[in-house]
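Student: Would you mind keeping the following structure in view while I ask a few things?
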Amino acid sequence: MTVHPNFSDSSRYAAYTTGEPIADTKAPSGPVHERWDRRRFEAKLVNPANRRRHTVIVVGTGLAGGSAGATLAEQGYKVIQFCYQDSPRRAHSIAAQGGINAAKNYRNDGDSIQRLFYDTVKGGDFRARESNVHRLAQISVEIIDQCVAQGVPFAREYGGLLDTRSFGGVQVSRTFYARGQTGQQLLLGAYQALSRQIAAGNVEMHARTEMLDLIVVDGRARGIVARDLVTGRIDTYVADAVVLATGGYGNVFYLSTNAMNSNATAIWRAHRRGAYFGNPCFTQIHPTCIPRTGDHQSKLTLMSESLRNDGRIWVPKAKGDHRPPNEIPEQERDYYLERLYPSFGNLVPRDIASRAAKNVCDEGRGVGPGGQGVYLDFADAIRRLGRKKVEEKYGNLFEMYERITAENPYEVPMRIYPAVHYTMGGLWVDYDLQTTVPGLFAIGEANFSDHGANRLGASALMQGLADGYFVLPATLNDYLARHPHSDAIGPDHPVVQEVVAETEDRLNLLLAVDGDRTPDSFHREIGELMWEYCGMARNEAGLRKALERIPQIREEFWRRVKVPGTGEELNQSLEKANRIVDYLELAELMCLDALHRTESCGGHFREESQTPDGEAARKDDAFSYVAAWEFTGTGSAPVLHKEDLVFEYVHPTQRSYA
Amino acid sequence: MARTVWDSTVGKKAVMAVSGLIMLLYLIAHMIGNLKIFFGAGEFDHYAHWLRTVGEPFMHYEWTLWLIRVVLAAAVVAHAVSAYQLSRLDLRARPRTYVHKRPRAGYATRTMRWGGVILGLFLVWHLLDLTAGTVHPGTFRPGHPYRNVVSDFSHWYSNVVYIAAMLALGLHIRHGFWSAAQTLGAGSRTRDRALKTVANVLALLLTAGFVAVPVGVMTGVVS
Amino acid sequence: MKLTLRVWRQKNAGAEGHMSTYEVDGISPDMSFLEMLDTLNERLILQGEEPVAFDHDCREGICGACSLVINGEAHGPERTTTCQLHMRSFEDGDVIDVEPWRAAAFPVIKDLVVDRSAFDRIIQAGGYITAPTGSAPEAHATPVPKADADYAFEHAECIGCGACVAACPNGAAMLFTSAKVNHLNVLPQGAPERETRVLDMVAQMDAEGFGGCTLTGECATACPKGIPLTSITHMNKEWLRATRKAARR
């Protein structure tokens, strides 16, 4: 066997070195609003007649992957696409509720591409690239056009025009929505476009197939190793370029709003093969989730942020006030967001709302079981708008809440608590969405690019679709045009054989341990550790403790895990265990990144770095950069490459939502 | 077009719906004709004779009647063949049942298949009994329908068979009429209640109308 | 709570299956049905037995992966998905039967996992609007009456779970197919392919081996998203209209 899981002590891992800074992100120079046009114009094109000869692998079928696969196939490329679900329609983008931003300015409320650009850079706490964010804002308007043309049933007004609503962190109404199921509707649009290409024979779709490793030949990404989850067969697929659209890694925390099978294996394996990992510690904790009910909890359910438009968040003023909410008089309630941030009130960005909830709960004023919750109250909205109107806007969310908690939110205020929701970090990509492995692209949540240290609501759908429909198809074209002749590589190529052997060995090793703990028990353990020390607030002591524990858990995992069954069949325990292998490494990098970034910014709150009144204190002089980490081996210190962030248009200020 | 319709489950259902509605229209006329028995032998026999002379002098004697018979026979065959083929398809599509059984759908819905078979068998018996006269329990006299009906329903088993079949007919129409409307795309959320009411009224009227005859004979109102 | 589960176990597509009985204890009413199965599986793994395989992913009622027939009902006694069914819907001491979707077009892969790729092929046959990226007109160029937009949305809500097929005594996929046909056919953007869409999708549905519709209404009762039975009626109308128009051409 060639796999020798490497164990090490934390001090060795934490002693990272700093390598060459990243000088060129390939963003064109010139005025920011002309850069995307320039990039497209300068891109080389592949002759339409030659496109059929190029094969592109797309892993994942969410908003980013689905839209990319469909668009590349429409352009004439041969696409091989993968998803672990039984159908491409089930990717977790489907669960996004609230909406999608676009600078259409249909409301005439002062919105513009410039404002969306500004809001997103500011919302990301000045840790995103201006060039990327501006491009995103520009493309946002085309996305809405595209989706409407596909038949996405956005909410409309009586005149037949599109309706919009406002979302956290902004003061204009630019969020397009389809009740509480915007992600579902957008995903079905992409899925339908993809289905058309599958039927046309332009996309070879492999459902229930999971990517387990990346094949890099002569320094270029040339294919993947994947496991057919039904038969257990390990297959290799080769192509001229590989696109990862495999989503985020929030499931490192065990409990998150991600789907149960969402995982980090594709991006982590790519990282191990040379792709740098950008800002791994930037995770978003969403403020409005349903609190957990007990140890059996397998996942957390988000309630759309749009609820904060009309719901008011409060806790009792007094500690340990256990009266039922309806018996607490108005003057004994603390509407703390409205008190602390009068101009944004309940609509402050997610990181701020989440931390404020944590603070009041830490003070002992939390509500519900274990004091881990705050009220989200619709009594005022129902009084003001009438129950019917509230039902129209949020009916399905209220139903969902009642189904899970058995409490009726029309009568009793909802209880909410923050939960891990989204990862701003991901594979480092340049302006072309290409990773540091040539030919390997990462799109959607899988990359780190556009949201900086905090993502604004309704921006994930925008980014996923921008990447898939518009950005990648243009930049991938350029890459393929510049690398027109790939040598064919077959299954007997030494690199392919080596990667396949490593994959098979890893799975066999997992089956061979035959220990006394279930895979889930390890997942739970690493998740709790990460939530405790790398969650909503982080400090040096905690992070060092986590860095000490993780290698121990990893060592124990390889000694004690028990995976029943064989590799030659549908084996969900094996799938799970193999994903945990990667979480146990990724968690370490997240903690190290959090440890090294001794500032507070966005979703990353370092307790050592706060203002006297407890707000996050950013340190622009020291940390205005993207941390791109290079892998050097399991448990061995990674190399940090810094990409300096330059702000020419939106000048960093301490964010204020007061 | 015929090919598309016949090859598709949706099309075949449309064939069933149209043929069923043709039979339903006929049954309404048939029932109204039957009720003439309460106005005496003269009127009833006269009506029966008229059926053979309708359309004269343009049509020859019995031509119209045969035309109706041909249309009806075609409807019966189309209805039965579609039903048979669809049923086979349905059973093949669901080869395995659940271990945990629970009652499903309404009674009228569940009895469509076997109800249809019963009605088919009844139809054969009914034709042999009162049209051909071969299985008629008493002496069958061609051209004297009133006498034939009275003698028929003077036998208990004729009554049992007939009344049972008419109850089955009622159930069949109850789901069938509503179902045909859905199949032909005539249903909607607002019209659903109206369609169900019409289906129930039709089922009730036809059953009552047809059953009135044997009951009339049994009670001596018709003799 | 303490419960007795009788679960369908089947090694693979070719193997014979059977119902196996398991006792589970310490079940909280706040658990979801799948969390209850997680509890059972954790125990089975430690006992060296193979855990029960079942499809699941988002666990918030929207991805459509979960697919269990519980006590003879698709998704169990509440009108929701299996993942959103909570144990408070059961009583201490209950015996619960858990089976996979049953339909010829949904062959069992293992235990409670079935192959629903037939649904994907129905969509591939025409469940889309041809609008290649980049070709879209300005979104406000074509207003859509609110009633039509709402109608489209109500049908677009289908999550493709297959409960309609599982509940139908004929294993028919009419509710699934009609939901997509109606979603796209009512919109002005869907008009150019209105006829081919319904004809091709119905033809594919038949080719996959789904049964015909006898309007028992079981599908609409089982649908966790409340797609109404009239959806089928409207598709029938679309189909007949398309057939007439195709004949005239």
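Values in this text are rule-based calculations from the coordinates and carry no lab data. The model shown is predicted, which means the values in this text are computed figures rather than measured ones. We place every Cβ from the backbone using ideal geometry, glycine too, and count neighbours over all the protein chains shown.
Student: Once each part is reduced to its C-alpha centroid, what is the distance from the range B:169-223 to the range A:435-463 in angstrom?
Tutor: The range B:169-223 and the range A:435-463 have Cα centres separated by 63 Å.
Student: Give me the one-decimal nm value for the distance between modelled label points at C:E193 and B:V221, 7 Å along each residue's Cα-to-Cβ direction.
Tutor: It works out to 6.2 nm between the two label points.
Student: Hey, another quick one. If I fit a long axis through the Cα atoms of helix B:192-219 and take the longest principal axis of the Cα atoms of chain B, what angle between them do I get, 0 to 90°, rounded to 10?
Tutor: 30
Student: Using a ≥ b ≥ c from the Cα gyration tensor of the range A:206-259 (square roots of the eigenvalues), is it rounded, prolate or oblate, where a/c under 1.5 gives rounded and otherwise the larger of a/b and b/c decides, a/b for prolate?
Tutor: Oblate shape, in that a/c is at least 1.5 and b/c is the bigger or equal ratio.
Student: With everything on Cα atoms, drop me the angle between helix B:112-127 and the longest principal axis of chain B, reported from 0 to 90° to the nearest 10.
Tutor: Relative to chain B, helix B:112-127 is tipped by roughly 20 degrees.
Student: Now for a separate question. Under the √(5λ) rule applied to the eigenvalues of the Cα gyration tensor, what semi-axes describe the equivalent ellipsoid of chain A? Give them in Å, descending. Intermediate values should be presented prior to the final figure.
Tutor: Values: eigenvalues 272, 176, 119 Å².
Values for chain A, descending: 37, 30, 24 Å.
Student: Sticking with this one: Based only on Cα atoms, what Rg/Rh ratio does the range A:286-421 have, Rh being taken as Kirkwood's radius?
Tutor: On the way: Rg = 13.9 Å, Rh = 14.9 Å.
Expressed as Rg/Rh, it is 0.93.
Student: Still on this structure: Across all directions of projection, what mean area in square nanometres is found for the Cα convex hull of the protein assembly as shown?
Tutor: Working: hull surface 198.8 nm².
Projected over every direction and averaged, the Cα hull of the protein assembly as shown covers 49.7 nm².
Student: I'd like the Karplus ³J(HN,Hα) series for the range C:54-71: coefficients 6.51, -1.76, 1.60, θ = phi - 60°, whole numbers in Hz, and an x wherever there's a Gly or Pro.
Tutor: These are the phi-based 3J(HN,Hα) values: 8, 7, 6, 8, 6, 6, 9, x, 10, 7, x, 6, 6, 6, 10, 9, 10, 6 Hz.
Student: What is the distance in Å between the Cα centres of the range A:492-555 and the range B:1-21?
Tutor: Cα centres, the range A:492-555 to the range B:1-21: 60 Å.
Student: Something else about it: In deg cm²/dmol, rounded to 500, what helix-only [θ] at 222 nm does chain A give when every DSSP H run of at least 4 residues adds -39500 (n - 2.57) and the total is split over its residues?
Tutor: On the way: 19 runs with 234 residues, N = 658.
Helices in chain A give a 222 nm mean residue ellipticity of -11000 deg cm²/dmol.
Student: Can you say what percent of the DSSP beta bridges in the protein assembly as shown, counting only those with both residues inside, are antiparallel? Round to 5.
Tutor: Working: 60 of 86 bridges.
Given both bridge residues lie in the protein assembly as shown, the antiparallel proportion sits at roughly 70 percent.
Student: Another question about this same structure. Could you pull out the longest piece of chain C with no exposed loop GluC sites (Glu not before Pro) in it, calling a site exposed if DSSP puts it outside H, G, I, E, B and it has at most 15 other Cβ atoms within 10 Å?
Tutor: Numbers: sites that count: C:E16, C:E49, C:E91, C:E138.
Between exposed loop sites, the widest span is C:139-249.
Student: GluC sites (Glu not before Pro), restricted to the range A:339-416: which are DSSP loop and have at most 16 other Cβ atoms within 10 Å?
Tutor: Numbers: sites: A:E363, A:E391, A:E392, A:E399, A:E402, A:E407, A:E411; in loops: A:E363, A:E407, A:E411.
Qualifying residues, ordered by number: A:E363, A:E407, A:E411.
Student: Further question on the same structure: Measuring from centroid to centroid over Cα atoms, what is the spacing of the range A:157-177 and the range A:56-106 in Å?
Tutor: Here the answer is 23 Å between Cα centres.
Student: Please compute, for peptide C:38-45, the average count of beta-carbon atoms on other protein chains lying within 10 Å of each residue's beta-carbon. Walk me through the numbers before you get to the answer.
Tutor: Details: counts 5, 2, 0, 5, 5, 1, 3, 11.
So the per-residue partner count for this stretch is 4.
Student: Something else: For A:E363 and A:R387, FRET efficiency with R0 = 22 Å and r from the beta-carbon atoms, rounded to 0.05?
Tutor: Numbers: r = 33 Å, r/R0 = 1.52.
Computed FRET efficiency for A:R387 and A:E363: 0.10.
Student: Moving on. Would you list A:Y118, A:Y533, B:Y98 from fewest to most Cβ contacts within 10 Å?
Tutor: On the way: A:Y118 17, A:Y533 23, B:Y98 20.
Ordered from fewest to most neighbouring Cβ atoms within 10 Å, A:Y118, A:Y533, B:Y98 come out as A:Y118, B:Y98, A:Y533.
Student: Can I ask one more? Distance check, please: which entries in A:K393/C:K237; A:K358/A:K389; B:K13/B:K196 exceed 21 angstrom between their Cα atoms? Please list the in-between numbers first.
Tutor: Working: A:K393/C:K237 32 Å; A:K358/A:K389 31 Å; B:K13/B:K196 19 Å.
Listed pairs above 21 Å: A:K393/C:K237; A:K358/A:K389.
Student: Return C:V165, A:V626, B:V5, A:V152 ranked ascending by Cβ neighbour count within 10 Å, so the fewest neighbours appear first. Write out the running numbers ahead of the final one.
Tutor: Working: C:V165 32, A:V626 24, B:V5 17, A:V152 29.
Least to most surrounded, the residues fall as B:V5, A:V626, A:V152, C:V165.
Student: Would the range A:9-80 count as rounded, prolate or oblate if I go by the C-alpha gyration tensor, calling it rounded below 1.5 in a/c and otherwise prolate when a/b exceeds b/c, oblate otherwise?
Tutor: Verdict is oblate for the range A:9-80.
Student: Given R₀ = 35 Å, FRET efficiency for B:A208-B:R141 by Cβ-Cβ distance, to 0.05?
Tutor: Details: r = 28 Å, r/R0 = 0.81.
Plugging the Cβ-Cβ distance into 1/(1 + (r/R0)^6) gives 0.80.
Student: What spacing in nm lies between the two simple spin-label points modelled at B:A29 and A:R339, each 7 Å away from Cα in the Cβ direction?
Tutor: 8.4
Student: Checking understanding here: applying a Kyte-Doolittle mean of at least 0.5 and a length along the axis of at least 24 Å (C-alpha), which whole DSSP H helices in chain A pass? Before the final figure, lay out each step's value.
Tutor: Details: long enough: A:130-150 (30 Å, 0.10); A:182-199 (25 Å, 0.17); A:494-513 (28 Å, 0.60); A:540-560 (30 Å, -1.13); A:572-596 (36 Å, 0.12).
Helix filter hits for chain A: A:494-513.
Student: Sticking with this structure for a sec: Around A:R107, with a cut-off of 13 angstrom between Cβ atoms, what is the net charge of the other residues, counting Lys and Arg +1 and Asp and Glu -1?
Tutor: Values: positive: A:K104, A:R115, A:R165, A:R174; negative: A:D109, A:D111, A:E157, A:D163.
So the surrounding residues net to 0.
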